[in-house]
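Structure first, commentary second.
The values are calculated or read from the model by the stated rules, or taken from the named source; none is laboratory data. Worth saying up front: this structure is predicted, and the values here are computed from it rather than measured. We place every Cβ from the backbone using ideal geometry, glycine too, and count neighbours over all the protein chains shown. Surface accessibility is based on the protein's heavy atoms, side chains included, excluding ligands, DNA and RNA. Shrake-Rupley method; radii C 1.70, N 1.55, O 1.52, S 1.80 Å.
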Amino acid sequence: TRAKLATMFWADLDSDAARRNLRRELHRLRESGLDGAVLSDADLLHLATGIGIDTAEFEADLAGGRIAGALARYTGPMLDGFEVVDAPAFDDWVAQQRGRLDQRWRSASLAQAAQLEQAGDARGALALHRRLLDDDPLHEQHHREVMRLHYLLGEREAALAQFERCRAVLREELGLAPLPETAALAERIRTAQALAPVALPPGSALG
């Protein structure tokens with residue numbers, strides 16, 4: 001609604017002033033060549049039919065079981081780097097949406113990686129775990145999965161090098177040592193013990 005948008009962007013103004021600002025911004029959209037992109041239905045504003053919304057397409061892919069397409073579509077946090085000055089309500093909304101979409105991406109990535117490995121595509125599973133690790137380099141589970149998959153692919157030195165990277169980033173960023181299970185995995189790899197492949201977690205539905 002117009003009222004919700006006005007409050008989201010100009011919470012420090014009274015209702016009339018906030019709505020006036022909203023009318024001004026809508027006018028600027030029209031003048032910038034985007035006339036018809038935002039339509040008005042009485043007090044409701046909505047995007048015109050046919051305008052693509054990447055977040056909606058990402059979630060539609062997940063709901064439709066098109067997991068690979070959804071993961072390819074997700075390129076990072078929603079509106080990453082975009083800011084609106086003095087609009088805390090908008091900032092809160094963006095943070096909530098970013099967190100929700102990020103969690104959906106993480107869950108889908110983990111489930112897809114497990115299915116790829118079960119199908120014999122350990123290299124594809126490794127790529128997904130590396131992407132998760134790049135996004136959150138302090139998450140030890142991602143380090144362990146990268147170590148384990150490198151080892152299963154016959155890349156023992158790469159697995160041990162990943163453990164050293166894990167140890168270095170935890171020490172530099174948090175002043176911590178790796179968890180016992182991470183160190184134990186490194187020792188198993190170092191002594192060339194067999195590792196079991198991952199199993200798809202119960203209830204990890206991709207949709």
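Computed over protein heavy atoms with a 1.4 Å probe, the carbon and sulfur contribution to the accessible area of region 1-144 reaches 53%. Approximating the spin labels as points 7 Å out from Cα along Cα→Cβ, the Q141-to-A56 distance works out to 3.2 nm.
Computed extension gain for R100 through L34, at 0.36 nm per residue and net of the alpha carbon distance, reaches 20.8 nm. Assuming a ≥ b ≥ c are the square roots of the Cα gyration tensor eigenvalues, decide whether region 40-105 counts as rounded (a/c under 1.5), prolate (otherwise, with a/b larger than b/c) or oblate. Because a/c hits 1.5 or more and a/b fails to exceed b/c, region 40-105 counts as oblate.
Peptides 67-74, 95-102 ranked from most to least packed give 67-74, 95-102, packing being the mean of other C-beta atoms within 10 angstrom over each peptide's residues. Computed over the chain, the per-residue total of -39500 (n - 2.57) for DSSP H runs of n ≥ 4 gives a 222 nm mean residue ellipticity of -20000 deg cm²/dmol, rounded to 500. Applying 1/(1 + (r/R0)^6) with r as the Cβ-Cβ distance of A183 and E157 and R0 = 25 angstrom yields a FRET efficiency of 0.90. In this structure, the amide hydrogen of L45, modeled 1.01 Å from its nitrogen in the peptide plane, lies closer than 5 angstrom to those of R2, counting only residues at least 5 positions away or on a different chain. Shape descriptor for the chain: Rg over Rh equals 1.13 (Cα atoms; Rh from the Kirkwood inverse mean 1/r). Per residue, the accessible area of region 1-66 comes to 68 Å², computed with a 1.4 Å probe over protein heavy atoms only. Under the simplified labelling scheme, the R123-E25 pair shows an inter-label distance of 4.8 nm, with each label point 7 Å from Cα along Cα→Cβ.
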